[in-house]
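Once you've had a glance at the structure underneath, I'll fire off some questions.
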Amino acid sequence: MTRTSERPIRARMAPSPTGRLHIGTARTSLYNFLFARHVGGTYVLRIEDTDLVRSTEDDERDIIDNLHWLGITWDEGPQVAGGEDIGPYGPYRQRNRSELYAAEAARLLESGHAYHCWCTPEELEAVRREQEAAKEAPRYNGRCLRLTDADLAQFAAEGRKPAIRFQVPAETVRFDDLVRGEVEFDNRLLGDFIIVRADGSPLYHFVVVVDDEKMEITHVIRGEDHISNTPKHIALIRALGYREPRFGHIPLILNADRSKMSKRKSQTSVTAYREEGYLPEAMVNFLAFLGWSPGTEEEIFTLDQLIERFDLAQVHKGGAIFDKDRLNYLNGIYIRSLTDEQLALRLRHFLPEALDDEGVLRVVPLIKERLVKLADARELAAFLTESDDEVAALYDADKLVPKGRSVADATAALRAAREALGELAAADFAADVLESRCRAEAERLGWTAGDFFRPLRVAVTGRSVSPPLFGSMELLGRDRVLARLDAALRKSSLQESLA
RNA sequence: GCCCCCAUCGUCUAGAGGCCUAGGACGCCACCCUUUCAAGGUGGAGAUCACCGGUUCGAAUCCGGUUGGGGGCACCA
């Protein structure tokens, strides 16, 4: 066997644009990336779009954009979705490599490693159903291996077009998996499989082998769901006279019920997490630790630190549940590690246009340590862009009145605050001034500060949970604060008179 | 059904024969701080290392079996 370890190291990610970038694909891409960068190898992006019906340019764009967003870079591949597709080992979209696959399939036909299969999908489906009913392994029965000239003439007369099927050699295949060690499989258990459809388009197991060879890939790191497919790939590699790459199968990311992470049971698209306001740094840190750990108690790592520390030998064998609580925790850590300016920049698209850049920057100190996700800023800062009427619509006695107090009490508190703050000039509407004034009022009325602040908070923000009260008042400004206090006063006096 | 893979607190994990009466983190609970909520601080509950046999003076760590879970077996990737 060729000693692949002596070839320059080349790894690849091979997403299929038949859906948004999947969390699992992102993690596999990340591990490949960390591996390639750690060893100083070359990293290649190949688009696996052999399924022309399901592949879309939108999905390719989503995948490439999100890979970039995560900070994953590559040396070869289509750099821009829908863009040019050239490079030293290009093209990198499989739809642009069909001549190559046709030629390699022809070689297999010629050498007798593959044969034409005239069975229709319906016929195959019927056989499969019979096998399942008989509790047998569902695999091809080899019918087209034993065709007579008469059969052939008949198919031709019917106008049938043949698919090309690979004849799997009866042998035991072994390989040394980079994360699992020695794996053995008896290929006699496999049925011959299709490598080219009747319409001439090639299938995954075939193209992946051809491309990995032609692109000189030395290390194939992929999800564990492919470990059972590896013997097929090795059989193909041998039949085609290719060099065998090293294989490494990483554990799967799981749904809460421990099944393979799927769209039905979990949120799997990276775009969705991005839109919720997860930071790429947090996502990368989180994903890296789903199946790998540096062997120490450190847990916060930048991409560069991950590259430095990553080692396939420390990748786990068991699958890991996607734990959103932990992602949330990490996201909070990364959000709080940003400067106010950096955070304001990232928050821009999550906040209403009505809040200008200066406005965003001014709310940041108030909401920063309250954000789990960037999108949380919308609710936290809503009181700033909502009109006084909108805020007033949120008032109700339940919120306005502190526990153990009456509506009359709340009214008294609001009135006291209204009068005290009304005496201040707009220029004096600063958090520290507002706070000392309000505390003085609370003391004068014999209220605890906490109780006294509650009606004010609801009056000013419409909510019983809000960013720090006086900072919020400062941002709102004198006129709007007083208007809201007045509105709350009307509401509570009204309720008082009704009571 | 057959084959392959896996197995430490609810979750992510440390652990590569004695350092483990199993460590950290998330989550949970309590307290502190405190104008709400957070953030932060302190403490706590939480794992007979799936089970059963071996090997060994000694096993979470090595071996075998059992059980459980997952994955694969497409003219999807």
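The values are calculated or read from the model by the stated rules, or taken from the named source; none is laboratory data. Given the structure is predicted, the values throughout are model-derived calculations rather than measurements. Note that we place each Cβ from the backbone using ideal geometry, even for glycine, and neighbour counts take in every protein chain shown.
Looking at (1) more than 10 Å from RNA strand B (Cβ to nearest atom); (2) among the aliphatic types (A, V, I, L, M); (3) in a loop (DSSP other than H, G, I, E, B), which is the one condition that is false for residue A:459?
Result: residue A:459 fails condition (3) only.
Residues in region A:97-117 that are in a loop (DSSP other than H, G, I, E, B) and farther than 19 Å from residue A:46 by Cα: how many? Spell out the reasoning first.
From region A:97-117, those in a loop (DSSP other than H, G, I, E, B) are A:97, A:111-113; that's our starting set.
Narrowing the set further to residues that are farther than 19 Å from residue A:46 by Cα leaves A:111-113.
Looking only at that region, the number is 3.
Which pairs have Cβ atoms under 6 Å, sit 6 or more apart or on different chains, and link a residue in region A:283-294 that is closer than 17 Å to residue A:223 by Cα to one that is assigned to a loop (DSSP other than H, G, I, E, B)?
Cβ pairs passing all conditions: A:291/A:251; A:291/A:316.
Could you list, in sequence order, all residues of region A:93-113 that are touching a Lys or Arg at 6+ places or on another chain (Cβ under 7 Å) and charged (D, E, K, R)?
Once the filter is applied, which keeps residues that are touching a Lys or Arg at 6+ places or on another chain (Cβ under 7 Å) and charged (D, E, K, R), region A:93-113 yields nothing.
Filtering region A:29-48 down to residues that are within 16 Å of RNA strand B (Cβ to nearest atom) and part of a loop (DSSP other than H, G, I, E, B), which residue is nearest to residue A:288 (Cα to Cα)?
Looking at the filtered set, the residue picked out is A:46.
Scan region A:129-146 and give yes if some residue there is part of a helix (DSSP H, G or I), modelled with pLDDT of 90 or more and near RNA strand B (Cβ under 7 Å from one of its atoms), otherwise no.
Checked region A:129-146: no residue is part of a helix (DSSP H, G or I), modelled with pLDDT of 90 or more and near RNA strand B (Cβ under 7 Å from one of its atoms).
While we're here: Evaluate region A:414-430: report whether one residue or more is basic (Lys, Arg), in a helix (DSSP H, G or I) and near RNA strand B (Cβ under 10 Å from one of its atoms). Step through it out loud before you land on a result.
Taking region A:414-430 as the starting set, the residues that turn out to be basic (Lys, Arg) are A:415, A:418.
Within this subset, residues satisfying the condition of being in a helix (DSSP H, G or I) are A:415, A:418.
Subsequent filtering for residues that are near RNA strand B (Cβ under 10 Å from one of its atoms) retains none.
No - not one qualifying residue is present in region A:414-430.
Which of the residues that make up region A:312-323 are surrounded by 15 or more Cβ atoms within 10 Å (Cβ to Cβ) and either more than 6 Å from RNA strand B (Cβ to nearest atom) or without any contact (Cβ under 8 Å) to a residue 12 or more places away in the chain (or both)?
Answer for region A:312-323, where residues must be surrounded by 15 or more Cβ atoms within 10 Å (Cβ to Cβ) and either more than 6 Å from RNA strand B (Cβ to nearest atom) or without any contact (Cβ under 8 Å) to a residue 12 or more places away in the chain (or both): A:312, A:315, A:322.
Looking at (1) in contact (Cβ under 8 Å) with a residue 12 or more places away in the chain; (2) of a type in the set (Asp, Glu); (3) not in a helix (DSSP H, G or I), find the lone condition where residue A:257 falls short.
Single failed check for residue A:257: (1).
Name the residues in region A:431-450 that are over 22 Å from residue A:474 (Cβ atoms) and outside any loop (DSSP other than H, G, I, E, B), would you?
If the condition is that a residue be over 22 Å from residue A:474 (Cβ atoms) and outside any loop (DSSP other than H, G, I, E, B), then A:444, A:445 are the ones that fit.
Only one of A:124, A:152 is closer than 23 Å to residue A:187 by Cβ and in a helix (DSSP H, G or I). Can you tell me which?
A:124
Here is a follow-up. Is it the case, given these coordinates, that residue A:249 is within 13 Å of RNA strand B (Cβ to nearest atom), part of a strand (DSSP E or B) and not acidic (Asp, Glu)? Don't jump to the end; show me each part of the working.
Details: within 13 Å of RNA strand B (Cβ to nearest atom): yes; part of a strand (DSSP E or B): yes; not acidic (Asp, Glu): yes.
Yes.
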